Amino acid sequence: MTAPAEPTADELLGRIRVQGGVPRHVAIIMDGNGRWARERLMPRPYGHRSGMKAVRDVVEGAVESGLEVLSLFAFSQENWQRPPVEITALMSLLEEYIAREADELRDRGVRVRILGDLDRLTPAAASAVNRVVAETEHNDRLRLNLFISYGGRAELVRAAQLLARDAQAGRLVPDEITEADFQRRLYTADCPDPDLLIRTSGEQRISNFLLWQMAYTELFISPVLWPDFGRRELYEAILDYLNRERRFGRVSA
């Protein structure tokens, strides 16, 4: 007996639209570029370049499925410890991605934000980042957060430092600081917390990503390496999320 054909991306999208209630914010740890390249006996930068195609497909899928926010973990602070040749390749790919995609992102209604310690970017990469942020700042169909030179612990330290400065200046009373005060000093202050985190490549860890924001985020681990991940895999993760019951520490009704 022939096995039934797997549903296409369009069929999965149709199911999402019928079911409704898509997550507002999906975050993705894009993992597996290096292994994907190694399986093909190619250098790691080849995997990173191939991963750019997955970024385009997933952004298009996010727009089509009606997400409000898509957050992609592109480059961590720990990644600065990689070999210089790989870091140079990653910075060049960032410039290339923006040069290639900026116009389409603008035309699709995508607002791009680049979040992290951007002082460490090369001048060319920083210029590209500033360009795409400025050109898309008035869009409102999808917010795309690209996390570059980012670390979750560093973000929490930064927020604590900002709170300390405000308290020292008399703008805050230390004993009256709330979770909302802390949240307003995070990079994602104007975003809802992620409803769903997808990690590709089968690894089961959050890798210092959005530590505060993911207190109650649903996790979906995909075995697919990032260059092979696309809108179909995104829709599968969203459908899995739609079948879950989120209780936020409470009991079922």
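Every number here is computed from the coordinates shown, using simple stated rules; none is lab data. Since the model is a prediction, treat every value here as computed from it, not as a measurement. For neighbour counting, all protein chains shown are included, and Cβ atoms are generated from backbone atoms with ideal geometry for every residue, glycine included.
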*Is it true that some residue in region 68-77 is part of a helix (DSSP H, G or I) and over 17 Å from the mean Cα position of the chain (by Cα)?*
no
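Considering only region 90-107, state which residues are buried (at least 17 other Cβ atoms within 10 Å of the Cβ) and farther than 16 Å from Pro227 by Cβ. I'd like the intermediate steps shown before the answer.
If we filter region 90-107 for residues that are buried (at least 17 other Cβ atoms within 10 Å of the Cβ), which is where we start, we get 90-91, 93-95, 97-98, 101-102, 105-106.
Hits for region 90-107 are Met91, Leu94, Glu95, Ile98, Glu101, Ala102, Leu105, Arg106.
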*Of the numbered conditions (1) touching a Lys or Arg at 6+ places or on another chain (Cβ under 6 Å); (2) closer than 24 Å to Arg111 by Cα, Leu234 fails exactly one; give the number of that condition.*
(1)
*Give me a count of the residues in region 116-133 that are buried (at least 18 other Cβ atoms within 10 Å of the Cβ) and on the phi < 0 side of the Ramachandran plot.*
5
*Residues that are among the hydroxyl-bearing types (Ser, Thr, Tyr): which helices (runs of 4 or more DSSP H) entirely in region 85-183 hold 2 or more of them?*
123-136
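Residues checked against (1) surrounded by 16 or more Cβ atoms within 10 Å (Cβ to Cβ); (2) among the acidic types (Asp, Glu); (3) closer than 24 Å to Ala54 by Cβ:
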| position | (1), (2), (3) |
| --- | --- |
| Gln168 | no, no, no |
| Ile177 | no, no, no |
| Asp181 | no, yes, no |
| Leu186 | yes, no, no |
| Leu196 | yes, no, yes |
| Ile206 | yes, no, yes |
| Glu218 | yes, yes, yes |
| Leu225 | yes, no, yes |
| Leu234 | yes, no, yes |
*Out of the residues in region 18-38 that are in a helix (DSSP H, G or I) and touching a residue at least 12 places away in the same chain (Cβ under 8 Å), which is farthest from Trp226 (Cα to Cα)?*
Gln19
*Pick from Pro223, Pro194, Pro227: which is in a helix (DSSP H, G or I), under 18 Å from Met30 (Cβ atoms) and not β-branched (Val, Ile, Thr)?*
Pro227
*Given (1) under 24 Å from Gly116 (Cβ atoms); (2) of a type in the set (Val, Ile, Thr); (3) crowded, with 17+ Cβ neighbours inside 10 Å, where does Ile87 come up short, assuming only one miss?*
(3)
